[in-house]
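Structure first, commentary second.
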Amino acid sequence: MSDLAIILVHYRTPELLTEAVRALRRDLEISGLRAEIVVVDNGSEPADRSAWDELPLRRIDPGANLGYAGGVRCGVEGTSAARIVAMNPDVLVAPGCLASLHAELERGTAAAGPQFYWDHDQRVFLPPTEARSVPAELRAALARRFPAAPLLSGAARKAWRRHARRHWQATEPFVSSSLSGALIAFRRDAWAKVGPFDEAFRLYFEETDWLLRLRAAGLASRFVPAAHAVHL
C-alpha cells in the first residue's frame, strides 16, 4: 500500500517530466515514503514515451487533452492512496518536501502546499497566489478603477506585501488558501467531500476555486514552509 499517489499532468514536456520524476525519486528515497507515480498524459509523442521506460511511473492515457483539472481527476480516479500529490512536470521537489507535506496531511490538514522558489539555489521566492477574499477583491477593484488615487493603490500594494511576506517569512505551517496548483498535496477524503477541481477552469485558477470550496466546507489548507520546491 502506497503512502502517496503522485499525479503528474503532462502535456508535451517530456524532458521536464523526466527531471521531475527523478527529483521525486530522490526525495522518496530520503524520506522512506512509499509512493505510486502516475503520469496522466494529455499529449506526447512515441519518442517521448520511450524515454520514460526507465522511470518508475505508470502512464494513464485519457484519450484526449483533459486540461489540468481533468488530468488530476483522472489520476485521482486511477489511484487508491489516501494521500495525494498533484503537480506539474515543471516542478522539482527538494529533499524533505514530500515528507513535510505528508506529515501535515497526517495531522489532519485537508490540503497542503510548499514554499516555491524560482531558482535551483533557492535564493528567490516565488510569490504566493493572491489572497481571494471580499476585502482583497474590493481593494484590487478600487485600485484598478481609480489608478490616480494614491491611497487606494497604496492600500492594495501594502496588503499584497503583507500577504507575500507572511508566506516568505513563515517558519511554521499556517492556514492559507493561497496555495499553488503547480504542486498541491491533499487528503482523498477531503477531495471526496468537496468534489474534484472544476474542469470549466481549463488551466489556471482551478486550485483557487477548489481551495475556496474547501474553506467553505470548514476544511483547512495550510502553507508548509519546510517543504521546498522549484517551479521552473
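The values are calculated or read from the model by the stated rules, or taken from the named source; none is laboratory data. Since we're looking at a predicted model, the values are computed, not measured. Counting neighbours? That spans all protein chains shown, and the Cβs are built from the backbone with ideal geometry, glycine included. Heads up: the accessible areas ignore ligands, DNA and RNA and are worked out on the full protein's heavy atoms, side chains in. Shrake-Rupley method; radii C 1.70, N 1.55, O 1.52, S 1.80 Å.
Do we have Val76 as touching a strand residue (DSSP E or B) at 6+ places or on another chain (Cβ under 9 Å), farther than 21 Å from Ser31 by Cα, among the aliphatic types (A, V, I, L, M) and touching a residue at least 40 places away in the same chain (Cβ under 8 Å) here? Yes: the conditions hold for Val76. Inside the stretch 118-137, residues that are among the hydrophobic types (A, V, I, L, M, F, W, C), modelled with pLDDT of 95 or more and not in a strand (DSSP E or B) make up a count of 3.
Scanning the stretch 25-46 for residues that are open to solvent by less than 10 Å² (accessible area, probe 1.4 Å) and closer than 14 Å to Leu57 by Cα returns Leu28, Ile37, Val38, Val39, Val40, Asp41. Determine whether the stretch 141-159 contains at least one residue that is in contact with a Pro (Cβ under 7 Å, 6 or more places away or on another chain) and either without any contact (Cβ under 8 Å) to a residue 40 or more places away in the chain or open to solvent by 10 Å² or more (accessible area, probe 1.4 Å) (or both). Within the stretch 141-159 (the criterion being in contact with a Pro (Cβ under 7 Å, 6 or more places away or on another chain) and either without any contact (Cβ under 8 Å) to a residue 40 or more places away in the chain or open to solvent by 10 Å² or more (accessible area, probe 1.4 Å) (or both)), the answer is yes, since at least one residue qualifies. Within the stretch 123-132, one or more residues are surrounded by fewer than 12 Cβ atoms within 10 Å (Cβ to Cβ) and either in contact (Cβ under 8 Å) with a residue 12 or more places away in the chain or within 26 Å of the chain's Cα centre (by Cα) (or both). Evaluated against (1) part of a helix (DSSP H, G or I); (2) open to solvent by less than 20 Å² (accessible area, probe 1.4 Å), Gln115 falls short on exactly one condition, (1). Scanning the stretch 3-14 for residues that are under 16 Å from the mean Cα position of the chain (by Cα), among the charged types (D, E, K, R), surrounded by 19 or more Cβ atoms within 10 Å (Cβ to Cβ) and more than 23 Å from Leu232 (Cβ to Cβ) turns up nothing.
Cβ-Cβ distances below 9 Å connect the following pairs, each with a first residue in the stretch 1-18 that is touching a residue at least 12 places away in the same chain (Cβ under 8 Å), a second residue that is of a type in the set (Phe, Trp, Tyr), and a separation of six or more residues or different chains: Val9/Tyr68; Tyr11/Tyr68; Pro14/Trp52; Leu17/Trp52; Thr18/Trp52. Taking the criterion of being buried (at least 18 other Cβ atoms within 10 Å of the Cβ) and of a type in the set (Ser, Thr, Tyr), would at least one residue in the stretch 53-71 satisfy it? Scanning the stretch 53-71 turns up at least one residue that is buried (at least 18 other Cβ atoms within 10 Å of the Cβ) and of a type in the set (Ser, Thr, Tyr). Hey, among the residues in the stretch 178-219 that are open to solvent by 30 Å² or more (accessible area, probe 1.4 Å) and in contact with a strand residue (DSSP E or B) (Cβ under 8 Å, 6 or more places away or on another chain), which one's nearest to Asp121 (Cα to Cα)? Top of the filtered list is Arg187.
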